Each structure stands twice: as C-alpha cells, then as structure tokens.
Amino acid sequence: MTAQRTFVSGDDADAKAETTALLRSFGWAPEQITDLGDLSSARATEALMALWLRLCRVLGPVDFNLAVVTA
C-alpha cells in the first residue's frame, strides 16, 4: 500500500515550518509531507477538492485516497 501524503505551500518559511511541525505531531512522517513551494502552488491542491467531491458522488460513501507514485 502506498503511504498517504500531504502537501504544504506558502510564501512564509516560518509558517511552513510550523505547519510541518504540527503535521509531524499528528503522526505524519517527513517523507509523507511534500513542500510544493510558494503560495501559488496551493491552487493545484485546492483543485483536488473538486475531484474528491466528484469521486464521492460516483463511489458513494466509501474510504478512498489518491496516491502520488514515483518511479
């Protein structure tokens, strides 16, 4: 099974460090936290919500996740 992954974006390095520390305190491993860069990258992750909502309508009330797979 592919590990879950979460993303951080932002222009403030201190805020991203604090967010990453908070995620770590929730149990996220460093390799599961991907820094996508500046705040403009948040637009891409926000668009995932539309996909997630569509999948919920199609799949119904089931657990699912999206994966980032690299070679």
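Compare the peptides 50-60, 15-25 by average per-residue count of other Cβ atoms within 10 angstrom and give them in order, highest first.
Working: 50-60: 9.7, 15-25: 12.8.
Final packing ranking: 15-25, 50-60.
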Checklist line | Whole-Å distance, taken between Cα centres, linking the range 1-22 and the range 39-71 | finding: 17 Å
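Taking Cα pairs under 8 Å and at least six residues apart, what relative contact order does the chain come out at, in percent?
Normalised by residue count, the contact order of the chain is 42 percent.
In deg cm²/dmol and to the nearest 500, what is the mean residue ellipticity at 222 nm of the chain if only DSSP H runs of at least 4 residues count, each as -39500 (n - 2.57), divided by the residue total? If you can, show how the numbers build up before the last one.
On the way: 2 runs with 31 residues, N = 71.
Computed ellipticity for the chain at 222 nm equals -14500 deg cm²/dmol.
Report the percentage of all Cα-Cα pairs in the chain whose separation exceeds 16 Å, rounded to a whole percent. Numbers along the way, then the final one.
On the way: 1444 of 2485 pairs.
Of all Cα-Cα pairs in the chain, 58 percent lie more than 16 Å apart.
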Item checked: Solvent-accessible area per residue for the chain (1.4 angstrom probe, square angstrom) -> 80 Å²
Next item on the list: Take the solvent-accessible surface of the protein heavy atoms, probe 1.4 Å, and return the percent of it on the chain that carbon and sulfur atoms account for.
Entry: 58 percent
Note to self: Using only Cα atoms and rounding to the nearest 10 degrees, what angle (0 to 90) does helix 42-59 make with the longest principal axis of the chain?
What the structure shows: 20 degrees
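The values are calculated or read from the model by the stated rules, or taken from the named source; none is laboratory data. A quick note: this is a predicted structure, and the numbers were derived from the prediction, not measured. Don't worry about glycine lacking a Cβ; one is built from the backbone with ideal geometry, like all the others, and counts go over all protein chains shown. SASA here: full protein model, heavy atoms, side chains in, ligands and nucleic acids out. Shrake-Rupley method; radii C 1.70, N 1.55, O 1.52, S 1.80 Å.
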